[in-house]
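Inspection log for the structure reproduced underneath, given as structure tokens.
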RNA sequence: GCCGACGUAGUUCAGUGGUAGAACACUCCCUUGGUAAGGGAGAGGUCAAGAGUUCAAUUCUCUUCGUCGGCUCCA
């Protein structure tokens, strides 16, 4: 434990004291140190963000009193007597191992807490922390439990570090894809279709380029493109097991007294295509890829810009294979993922997600599947985190997460190893002995969804998309009316490049300003000089003047990269 | 879904219990231009929607919808 963490932990304790003074009847939950600060959960606390200011003031006052934290181990029996009015603390006492529990005392406030804390609040400078925001949070993170009121604070060792953090938040705001999406005219949302994206022409270029980029790589790895229905009868998902797990989150339509669903995922359809023929072991692996439009009724509070939508477009793949092909095929997928993300200049963070509580099938099968995934990760020397119990109900997964501007982690790519669905659907192939066998299935998405990926990329590049992705690649600004024709001539020579000619009746400065704000990679200016020399003057995004050159010189320059 | 904050012109935002404001964008006119805003005029709003309190509500209260930050969830 480092000092900063001790400070944060101690501040949560001080927060509890300040709250207790003003709201004597509160019940205390947990109050840990977290990244960038701390929080404390309270029950029976009705409070608004307005009140936080006063509490923060009181905390600063308390900190200045040079208060001490006295640690004391007491017996569980003693603790239960001490915390008899505190139901959440009593529950914690029962869960702590051993005969004694640790308490910390400051003034006359005693908290159940393993610590450690700093020794004295004089180690905390009042200008290094502040209360941040309010949130509801379920006790122990379980939806079935009571929702407590959580107060978040941010705290650092020094004012400089706090200021750096606040500055990072400010910068993150500028990178926010929801803001950039509006400014760069990429997409919009409307109240009539919450969680569904309206793609504008410029956003659609990003989409199309990414789709092409992805499909080219998929082709190279032997994937064949398919397309499957948007709605289907619910028995399909009863068979797959999704109905049991997710029916509340599916969009359901009644048609002629039957129940249809908007498809929430593509897998069963892929299986049905596999089943249209008798398959030989020699046919495997069969690799399908699909741009899958799936609809999931995500809870309203979970929607978040492009990161969490209800209408999701996955770059989905399903591979049917023999057991002896598992490692090789997963290796190929990892290779493919690395190829994608290195081209996008993004570092993928790998995770292994293991068997959830509501799993389908046999534990032995799961253990083997998890081992298979581990082996491949190790073979590729990949450092991966563990997401325990976070697998799909039909199989464990390798997930790839990427952080947004606010450093929140979002799952993008996923590789899922599935022994369950093929057998649920009685999928089979004929092996070399002429016997029927059930294939294994891999589910994989590389972007995850186009929506989320475009959100992530927008924040990653702060809207400064690389040349190949930029919706407008070059803006040509004619200096005056007389140079318009030449500007269009230059445009014609830049065949296959997304070029716009800014010939509206405005000053050059103004047009430069507008184009620069729209983050176009290159600005070409043409006037008398260029017309005479048959050249263009080029300015690169970021205000770098490349000077005058011929169009061919410019093309060579960009191609070299 | 839950907790909290927010919702005023196309956009970014002021503002008020008594006829609704700016900047940018838009339209028109002047200007024919050399690297981040040339000048002028005009148009544009049921102040998210609904209900209540009030002589009067964009402003106060409640409900609904939406957005954001968390929690939960994420096949």
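The values are calculated or read from the model by the stated rules, or taken from the named source; none is laboratory data. Please read these numbers as outputs of a predicted model, since none were measured by experiment. For neighbour counting, all protein chains shown are included, and Cβ atoms are generated from backbone atoms with ideal geometry for every residue, glycine included.
Every test in (1) near RNA strand B (Cβ under 9 Å from one of its atoms); (2) assigned by TED's automatic domain parsing to the domain that holds residue A:197; (3) touching a strand residue (DSSP E or B) at 6+ places or on another chain (Cβ under 7 Å) is passed by residue A:478 save one, and that test is (2). Within the range A:240-253, can one find any residue that is closer than 16 Å to residue A:313 by Cβ and modelled with pLDDT of 95 or more? Yes, there is a match, as at least one residue in the range A:240-253 is closer than 16 Å to residue A:313 by Cβ and modelled with pLDDT of 95 or more. Selection over the range A:295-351 of residues that are closer than 21 Å to residue A:377 by Cβ, without any contact (Cβ under 8 Å) to a residue 40 or more places away in the chain and within 16 Å of RNA strand B (Cβ to nearest atom) gives a count of 0.
Does residue A:499 count as more than 13 Å from RNA strand B (Cβ to nearest atom) and surrounded by 15 or more Cβ atoms within 10 Å (Cβ to Cβ)? Considered against the rule, which asks whether it is more than 13 Å from RNA strand B (Cβ to nearest atom) and surrounded by 15 or more Cβ atoms within 10 Å (Cβ to Cβ), residue A:499 comes out as yes.
In the range A:494-510, the residues that are within 22 Å of residue A:466 (Cβ to Cβ) reach residues that are assigned to a loop (DSSP other than H, G, I, E, B) and more than 8 Å from RNA strand B (Cβ to nearest atom) with C-beta atoms within less than 6 angstrom, at least six apart or across chains, in these pairs: A:497/A:473; A:498/A:472; A:498/A:473; A:500/A:472.
Yes or no, residue by residue, for (1) in contact with a strand residue (DSSP E or B) (Cβ under 7 Å, 6 or more places away or on another chain); (2) farther than 30 Å from residue A:473 by Cβ; (3) surrounded by 18 or more Cβ atoms within 10 Å (Cβ to Cβ):
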{"residue": "A:135", "(1), (2), (3)": "yes, yes, no"}
{"residue": "A:147", "(1), (2), (3)": "yes, yes, no"}
{"residue": "A:150", "(1), (2), (3)": "yes, yes, yes"}
{"residue": "A:161", "(1), (2), (3)": "no, yes, no"}
{"residue": "A:183", "(1), (2), (3)": "no, no, no"}
{"residue": "A:186", "(1), (2), (3)": "no, no, yes"}
{"residue": "A:200", "(1), (2), (3)": "yes, no, no"}
{"residue": "A:213", "(1), (2), (3)": "no, no, no"}
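Of all the listed residues (A:227, A:159), the sole one being touching a helix residue (DSSP H, G or I) at 6+ places or on another chain (Cβ under 6 Å) and more than 12 Å from RNA strand B (Cβ to nearest atom) is A:159. Pairs meeting the criteria (first residue in the range A:104-121 and under 21 Å from residue A:80 (Cβ atoms), second residue modelled with pLDDT under 90 and surrounded by fewer than 21 Cβ atoms within 10 Å (Cβ to Cβ), beta carbons under 7 Å, at least 6 apart or on different chains) are A:104/A:115.
If you check residue A:389 against the conditions, is it surrounded by fewer than 17 Cβ atoms within 10 Å (Cβ to Cβ), closer than 27 Å to residue A:453 by Cβ, in contact (Cβ under 8 Å) with a residue 12 or more places away in the chain and more than 14 Å from RNA strand B (Cβ to nearest atom)? In short, no. Inspect all residues belonging to the range A:235-246 and state whether any of them is within 15 Å of RNA strand B (Cβ to nearest atom), in contact with a helix residue (DSSP H, G or I) (Cβ under 6 Å, 6 or more places away or on another chain) and in a loop (DSSP other than H, G, I, E, B). Checked the range A:235-246: no residue is within 15 Å of RNA strand B (Cβ to nearest atom), in contact with a helix residue (DSSP H, G or I) (Cβ under 6 Å, 6 or more places away or on another chain) and in a loop (DSSP other than H, G, I, E, B).
Being near RNA strand B (Cβ under 9 Å from one of its atoms), surrounded by 13 or more Cβ atoms within 10 Å (Cβ to Cβ) and not in a loop (DSSP other than H, G, I, E, B) is a property that residue A:179 has. In a residue-by-residue description of the range A:539-548, the property of being over 30 Å from residue A:346 (Cα atoms), within 13 Å of RNA strand B (Cβ to nearest atom), over 37 Å from the mean Cα position of the chain (by Cα) and buried (at least 17 other Cβ atoms within 10 Å of the Cβ) applies to no position. Among the residues of the range A:73-84, at least one is more than 16 Å from RNA strand B (Cβ to nearest atom) and crowded, with 19+ Cβ neighbours inside 10 Å. Selection of the range A:182-211 for residues being within 12 Å of RNA strand B (Cβ to nearest atom) and either in the same structural domain as residue A:131 (by TED's automatic domain parsing) or part of a helix (DSSP H, G or I) (or both) yields A:182, A:183. Of the residues making up the range A:502-519, those that are within 17 Å of residue A:463 (Cα to Cα) and either surrounded by 14 or more Cβ atoms within 10 Å (Cβ to Cβ) or out of contact with any helix residue (DSSP H, G or I) (no Cβ under 9 Å at 6 or more places or on another chain) (or both) are A:513, A:514, A:515, A:516, A:518, A:519.
The residue list A:464, A:381 contains one member that is more than 30 Å from residue A:288 (Cα to Cα) and in a loop (DSSP other than H, G, I, E, B), which is A:464.
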